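J.: I am attaching a structure below and will ask some questions about it afterwards.
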Amino acid sequence: MPAAVELKPWKGGGKWLSALDVRDLTGQESRTDRPCVELLAPLGYLPSTSGDLEQLAREGRLSELAPIWCPRGFRCDAASIPRVLWGIYPPWARSNRAAVLHDYLYTVQPCSRERADALFREALLSCGVSSARAWIMWKAVRLGGGGYWNARTPEDVQAAREHAARNGGSLEVSP
């Protein structure tokens, strides 16, 4: 008989399940100098839980612990930071994995915008970003991200979801 697996909650946010492997497409895919990258391998993130894992198991809610996978081939601009702020908040820095995850959640919209932004803040902390900087970046997406989220047409979202499904991306995120 196999040994029982001990379920323990972890502290300090979620866990990255893979390294970030990208190809820089800046200047190749558009006429701007905004960063553009393409994932060469899936990027995985396991969100944290504020609940007790044993209780989640008893309640049949372990699906809330499902990892989020950004698929190979996904393209994004990383952190959408105005150029004037790049000296303070570079668009490609310690926060890069969290920025790619957040762009994926905004593109595919597998959860509410509020949940996507909360996951961004948690993922920033999991990247080693200070809590003060994570809060500032979270507040920036709360204030400025609505335009992009709302501009996505149902056809845009559906096309992104189809690409994700073909390439192993997550289409559901726990509430």
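J.: Only residues that are surrounded by fewer than 16 Cβ atoms within 10 Å (Cβ to Cβ) and in a helix (DSSP H, G or I): list them for segment 106-135, please. Step through it out loud before you land on a result.
T.: Residues of segment 106-135 that are surrounded by fewer than 16 Cβ atoms within 10 Å (Cβ to Cβ), as a first pass: 112, 114-115, 118, 128, 130-132, 135.
Matches in segment 106-135: Glu114, Arg115, Ala118, Ser131, Ala132, Trp135.
J.: Let me ask something additional. For residues that are of a type in the set (S, T, N, Q) and over 21 Å from Ala19 (Cα atoms), scanning just segment 112-156, find the one that is farthest from the chain's Cα centre (by Cα).
T.: Among them, the one singled out is Thr153.
J.: For Asp103, all conditions in the list (1) part of a helix (DSSP H, G or I); (2) farther than 23 Å from Asp21 by Cβ hold save one; what is the number of the exception?
T.: (2)
J.: Moving on. Of the conditions (1) closer than 19 Å to Cys76 by Cα; (2) in contact (Cβ under 8 Å) with a residue 24 or more places away in the chain; (3) aliphatic (A, V, I, L, M), Leu125 fails just one. Which one is it?
T.: Going through (1) closer than 19 Å to Cys76 by Cα; (2) in contact (Cβ under 8 Å) with a residue 24 or more places away in the chain; (3) aliphatic (A, V, I, L, M) one by one, Leu125 breaks only (1).
J.: Restricted to segment 47-63, and to residues that are closer than 18 Å to Arg121 by Cβ and either of a type in the set (Val, Ile, Thr) or surrounded by fewer than 16 Cβ atoms within 10 Å (Cβ to Cβ) (or both), which residue is modelled with the lowest pLDDT?
T.: Top of the filtered list is Ser50.
J.: Only one of (1) within 20 Å of Gln109 (Cβ to Cβ); (2) modelled with pLDDT under 65 fails for Lys11. Which number is that?
T.: Unmet condition: (1).
J.: Which pairs do you get when a residue that is more than 20 Å from Arg94 (Cβ to Cβ) and assigned to a loop (DSSP other than H, G, I, E, B), found in segment 64-84, comes within reach of a residue that is modelled with pLDDT under 90 and hydroxyl-bearing (Ser, Thr, Tyr), reach meaning Cβ atoms under 8 angstrom, with the pair 6+ apart or on two chains?
T.: Ala66/Ser170; Ala66/Ser174; Pro67/Ser170
J.: Kindly provide the set of residues from segment 142-175 that are out of contact with any His (no Cβ under 9 Å at 6 or more places or on another chain), under 30 Å from Leu56 (Cα atoms) and either polar (S, T, N, Q) or surrounded by 13 or more Cβ atoms within 10 Å (Cβ to Cβ) (or both), ordered by number.
T.: Arg142, Arg161, Ala164, Ala165, Asn167, Gly168, Ser170, Leu171, Val173, Ser174
J.: Let me ask another. Before we move on, is Tyr104 hydroxyl-bearing (Ser, Thr, Tyr), touching a residue at least 60 places away in the same chain (Cβ under 8 Å) and in contact with a strand residue (DSSP E or B) (Cβ under 8 Å, 6 or more places away or on another chain)?
T.: In short, yes.
The values are calculated or read from the model by the stated rules, or taken from the named source; none is laboratory data. Since this is a predicted model, take the numbers as computed values, not measurements. Backbone-built Cβ (ideal geometry, glycine too); neighbour counts: all protein chains shown.
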